[in-house]
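Input: a single structure, listed below in structure tokens.
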Amino acid sequence: MWLNPEEVLLKNALKLWVTERSNDFFLLQRRRGRGESTGRITGLLVGALDTVLDSNARVSPFRVLLQVPGSQISWVIASGAAIEEVNRHWDWLVHNLLHSLSVFENKEDVASFVKGKVKGLIAEEVRGRQAAQEEDPEKFREALLKFELRFGLPSSEKLVTYYSCCCWKGRVPRQGLLYLSINHMAFYSFLLGKEVRFVIPWAEVTRLERVSAGLMTEAIRVNTRRRQRDFSMFLNLDEAFGVVGQLADIALRRLLDSEGLELDRVLQQPARITKRILEEQALREYVLALFRLPRGERLHEVASCSVWTPHARCHTSGTLYTADNYLCFSSREEGSCVLLVPLTEVLSIEKAESTSSLPNPVIVSVRTKKAFQLIELQDRDELVERLNARLRAVHWKQSVFRGKTHGKRSVVRPYFHSSSFETHHLSQFEDTESFLPSQSSDDGSEEQVKERLWDDHFTEFGRGVHMFRTEKIQRLVATGIPESLRGELWMTLSDASSELEAHQGYYTGLVQKSMGHSSLATEEIERDLHRSLPDHPAFQNPTGIAALRRVLTAYAHRNPKIGYCQSMNILASVLLLYAKEEEAFWLLVAVCERMLPDYFNRRVIGAQVDQSVFEELIRERLPELAEHVPDLSSLSSVSLSWFLTLFLSVLPFHSAVRVVDCFFFHGIKAVLQLGLAVLDANAAQLCASTDDGQALMILTRYFLEQVESEVVLSCPPSSPPAAVESGGHGGDTDVPAVRHANITDLINESYEKFGDLTVRQIERLRCRHRIRVLQAHEDTTKENALRLVTPDVSIPPENLADVYDLFKRFIRKLSCFIILSSPLQTDYGDSGRSYLERQYRLDRPQFKSLYGLLVPWPGDLSQHTDTVANRAFTLLDQDRDSLVTFREFAGWLDTLYCEDLNEKIRLLYRLHIPPALTESEDDPALLKSPLLSTNRPLYVDKPGDVKEDYQEQLKQMLKDLAKEKEKDVEKPLPLMNQWEFIQFCKTLYSMFHGEPEENDLFQAIATVTSLVLQIGEASHRGHDSAGSEVTEDGGRGDGSSTPEWTVSYAQIVASLLTEQALVNFFEKPVSLSEKIAEAKEKQYHQRAGLLTLQQAAR
């Protein structure tokens, strides 16, 4: 294969290579020991050497060298494992290049020409490999070449696909090509002699919409922070809109929120993203959401087929989806018939005899002695073979896991304080029965009727995870799951039962590991334990509180990225009432990791995305309400708790549990359509409301009426719930008639009016609205950071905003060990810094890169510039956490660009004294820093029973720090010794390279250096003659009796002021705007180069 030309100083070092063919400019060489008929000793030695090298270091046995006559340097331009491959390269060089090289007079031009040709061949091969993955490789190769030529983006910028379309400028359409790459969308048009060309980075896209207005047919509208662009006349608008949304979503998740959002491993490698990959990923996301599979599941086969449905006595046509651990079937009409079969439940997958009525049948047998028949499967033999291979792998993994856990179970069991948690749920304890409404004979008969209906359903449709899920079970769930079956059906509908079965003993082990450990998550859990259903007797005693603590702590230990978030305690409490403790844990896992992805993190991104989706559904499904309430953000802020707690925080308990029933069956769709039904029921009053407060009161009153409805229907008059008592209604039966007699009517109306909402629609909306939410978060963070920094600097606001953008692009977001429970909490106890200051921070390598882009004095001594950048980082890193905040960075930049000469010299002076300058700059020790307080210990360990109030100690430490700060303001800068002054002069010399007055500046600094050295020498002699008393204080603490040579900051400034050339240099204004523009260009190419290196490393 062709290689990027690499220098070789010796063509035949150590006689390791044998030349097979040669001419004036090229050599074809063979590695000694390869292809030799006799086993010579040198060949054996070389062969042994190559054998012991690892696979990454082994040398290809054949190579082609470019040689320039008269030069000792050659370049490797091709290599291969077989002589035939290298011969093809040799023949191409001889026939296409060799005759052309003789015309060059300068032999160096020969090397440049050949190296350029080889690089072009490599680029062509890359295009060929990329094009081979497309449907029309030749056409894609042509488009890729045009994309590279027209936009001049880095070579690592991978083109994903392109579309022919029109871009509208006012009422004028421009026909051209829209190119979509991993980081940009780019448009090019050349019409009637006028060229239109622009590039939009995905990171700048704030909103994507489908619009239809004016002369345009339906178009894609792309909004950025500066303008909007409309694209129309696509051959396939749906496909183009989907790809644009996916690429923008992926880029923003990768760039803006790599910590908070999960991204598939394939999408984390931009070089592997193709249009086909995007299509597969969109289908995978849909399947995961439809069947609520674990996020780590990979989608394998997708095949059309029909499944025998005994309840319908016919075959139902649809699609079979196979994943790592599941077989999934969905009918053509989404939700009409759904089947989920975990491979852990499957005994065998076999082919049956094919007939005219049953073509290509496959029988899937499960443990419950049931079997499912699939027919009309294409490529049946290959499909069954692959399924059986995965089935064997799942069974083997399951047996290994069970073997490990059986040996540990006896050790873990004592961690449960009560054995009853393994066989009962909390609502079955005697002390919790008082919470449940006293059931009359009518209530008891109603429960019996529900149980009988469900028993009939189990008989007809099956029981367990692999039962058929049809519209009939939807009606049963809407009517209400009986209390006795609720825990079982929650486990079944969420497929938490499969997780429990596959991980026997896992929860017990987590409890053992997590209990007794203290962290931020456990502190938040302890704080919220008694706020979880406080009116329920189950959580008014140590037994229930202990169970809740174990479930929440075990989950925080399992998933440190989420840890613990507010509202998880409410969900876990309800789960514990209807499921055993271990089952409640797996239900919590299903909710947090599969059914509500990205909900429970520090910024609750998932919930806010669904809020944005909810707003669009309001505009689409309730247009009159949207017209009267143009700003729907108030309604979405009210409804946030609906999504986070599944209505548990606003509806009475027994009504809210019915919502949870629907949620476990239909996922987030149930919450969205129920929210729409609530707003629809109150639409008239909401349209008449005049402000947000009134709208909030309308919805609050509506939910209180639901409470009254539940009281009338479920509770005896003598014991109304606390919510009603606090509402001031008490036992008053003369209440206004409510629109919904109970929650059943509300749920049924939600299905009737909004039940046509599909999972596919929701996933597409989520993808699009995630872009808006992420950008809104970034804008808010930026505004707050700039508001915090602006009062302290003189940099113009527009420049400061650009500096922030540059700063942020270098960021590696820092993730906490345990995520906060509340997104609004800001006090981490991290050196007293606010959340905004800790949001974005640079480490040393990142700071040095940005320093090189923005420092106003260019210089050409790269090594010394790197040294000064190290010192600047050490100086700014005041709390010694090896990180610099944006506030600190902006203050440093403000001094360089906006302060006067004295402040600039002061900064340079501080860069050349401790702590910025250390004795060993390669290893700056933290303990040498004089900024660390030594007045009070950071940790006090007093023996015996002597105790000191921690608050008093903390107050005293803050007082000491304040005093030290005051002293630092008043205290002059320390003196500079001779070695430090030499380093100072080095920096000054390095700053002047490339300046127009370079010679004058060098002469001026030489004069100043001489003058300061004389001043220091005079001061040194003065100390010598002053006697021993002075010499004891003159040193810098090194124990020497001889005083050091020193100069002060004032003396250096005074000396510099004597040279007008230096004064002009430091007072010359430098345009920060121009520097930022240059930095953006350089930064982009640096990032592109880094991406190329990362891809090569993979």
Can you name the condition, by its number, that Ala203 falls short on among (1) at pLDDT 90 or above; (2) under 24 Å from the mean Cα position of the chain (by Cα); (3) among the aliphatic types (A, V, I, L, M)? (1)
Output for Cβ contacts, cut-off 6 Å, separation at least six or different chains, first residue within 15 Å of Leu575 (Cβ to Cβ) and open to solvent by 10 Å² or more (accessible area, probe 1.4 Å) in the stretch 526-550, second among the polar types (S, T, N, Q) and assigned to a helix (DSSP H, G or I), reads Leu533/Ser573
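Table: residues versus (1) modelled with pLDDT of 90 or more; (2) in a helix (DSSP H, G or I); (3) of a type in the set (Val, Ile, Thr).
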position	(1), (2), (3)
Pro717	no, no, no
Pro736	no, no, no
Leu746	yes, yes, no
Ile762	yes, yes, yes
Val773	yes, yes, yes
Ser794	yes, no, no
Asn799	yes, yes, no
Phe807	no, yes, no
Modelled with pLDDT under 90, under 41 Å from the mean Cα position of the chain (by Cα) and not basic (Lys, Arg) - does that describe any residue in the stretch 444-452? no
Taking the stretch 163-174, which residues are modelled with pLDDT of 90 or more and either open to solvent by 50 Å² or more (accessible area, probe 1.4 Å) or among the basic types (Lys, Arg) (or both)? Ser164
Restricting to the stretch 82-108, count the residues that are open to solvent by 50 Å² or more (accessible area, probe 1.4 Å), in a helix (DSSP H, G or I) and of a type in the set (Val, Ile, Thr). 1
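Would you confirm whether any residue within the stretch 819-836 is part of a helix (DSSP H, G or I), at pLDDT below 85 and open to solvent by 30 Å² or more (accessible area, probe 1.4 Å)?
So in the stretch 819-836, the residues part of a helix (DSSP H, G or I) come out as 835-836.
From what's left, at pLDDT below 85: 835-836.
Those left that are additionally open to solvent by 30 Å² or more (accessible area, probe 1.4 Å): 835-836.
For the stretch 819-836, residues part of a helix (DSSP H, G or I), at pLDDT below 85 and open to solvent by 30 Å² or more (accessible area, probe 1.4 Å): present.
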Unique match (being under 24 Å from Ile273 (Cβ atoms), part of a loop (DSSP other than H, G, I, E, B) and either open to solvent by less than 30 Å² (accessible area, probe 1.4 Å) or touching a strand residue (DSSP E or B) at 6+ places or on another chain (Cβ under 6 Å) (or both)) among Phe234, Phe198, Phe241, Phe187: Phe234
Quick check, is Phe600 of a type in the set (Phe, Trp, Tyr) and assigned to a helix (DSSP H, G or I)? no
Looking only at the stretch 268-310, how many residues end up being over 26 Å from Val160 (Cα atoms) and open to solvent by 40 Å² or more (accessible area, probe 1.4 Å)? 3
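Residues checked against (1) charged (D, E, K, R); (2) under 27 Å from the mean Cα position of the chain (by Cα); (3) crowded, with 21+ Cβ neighbours inside 10 Å; (4) part of a helix (DSSP H, G or I):
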{"site": "Leu625", "(1), (2), (3), (4)": "no, no, no, yes"}
{"site": "Pro630", "(1), (2), (3), (4)": "no, no, no, no"}
{"site": "Leu635", "(1), (2), (3), (4)": "no, no, yes, yes"}
{"site": "Phe643", "(1), (2), (3), (4)": "no, yes, yes, yes"}
{"site": "Phe647", "(1), (2), (3), (4)": "no, no, yes, no"}
{"site": "Leu651", "(1), (2), (3), (4)": "no, no, yes, no"}
{"site": "Val659", "(1), (2), (3), (4)": "no, no, yes, yes"}
{"site": "Cys662", "(1), (2), (3), (4)": "no, no, yes, yes"}
{"site": "Val671", "(1), (2), (3), (4)": "no, yes, yes, yes"}
Would you be able to say whether some residue in the stretch 914-926 is modelled with pLDDT of 90 or more, among the aliphatic types (A, V, I, L, M) and over 29 Å from the mean Cα position of the chain (by Cα)? no
Condition first: open to solvent by 30 Å² or more (accessible area, probe 1.4 Å) and part of a strand (DSSP E or B). Now tell me which residues in the stretch 207-223 satisfy that. Arg207, Glu209, Arg210, Arg221
So Ala81 ticks every box in (1) of a type in the set (A, V, I, L, M); (2) touching a residue at least 24 places away in the same chain (Cβ under 8 Å); (3) under 18 Å from Leu16 (Cβ atoms) but one. Which box is left unticked? (2)
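Against the definition (open to solvent by less than 40 Å² (accessible area, probe 1.4 Å), modelled with pLDDT under 85 and within 17 Å of Phe26 (Cβ to Cβ)), how does Val68 come out, yes or no?
So Val68 fits the description; yes.
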So, of the residues in the stretch 311-340 that are aliphatic (A, V, I, L, M) and surrounded by 18 or more Cβ atoms within 10 Å (Cβ to Cβ), which turns out to be farthest from Arg392 (Cα to Cα)? Val338
Can you pull out the helices (runs of 4 or more DSSP H) entirely within the stretch 963-1058 that have at least 3 residues that are of a type in the set (D, E, K, R), loosely packed, with under 15 Cβ neighbours inside 10 Å and modelled with pLDDT of 60 or more? 998-1026
So which residues in the stretch 554-563 are modelled with pLDDT of 90 or more and within 18 Å of Arg531 (Cβ to Cβ), if there are any at all? Tyr555, Ala556
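The values are calculated or read from the model by the stated rules, or taken from the named source; none is laboratory data. This structure is a prediction, so every number in the text was calculated from the model and none was measured. All Cβ positions, glycine included, derive from the backbone under ideal geometry; neighbour counts span all protein chains shown. The protein model used for the area step is the full one, side chains on, heavy atoms only, and it has no ligands, DNA or RNA in it. Shrake-Rupley method; radii C 1.70, N 1.55, O 1.52, S 1.80 Å.
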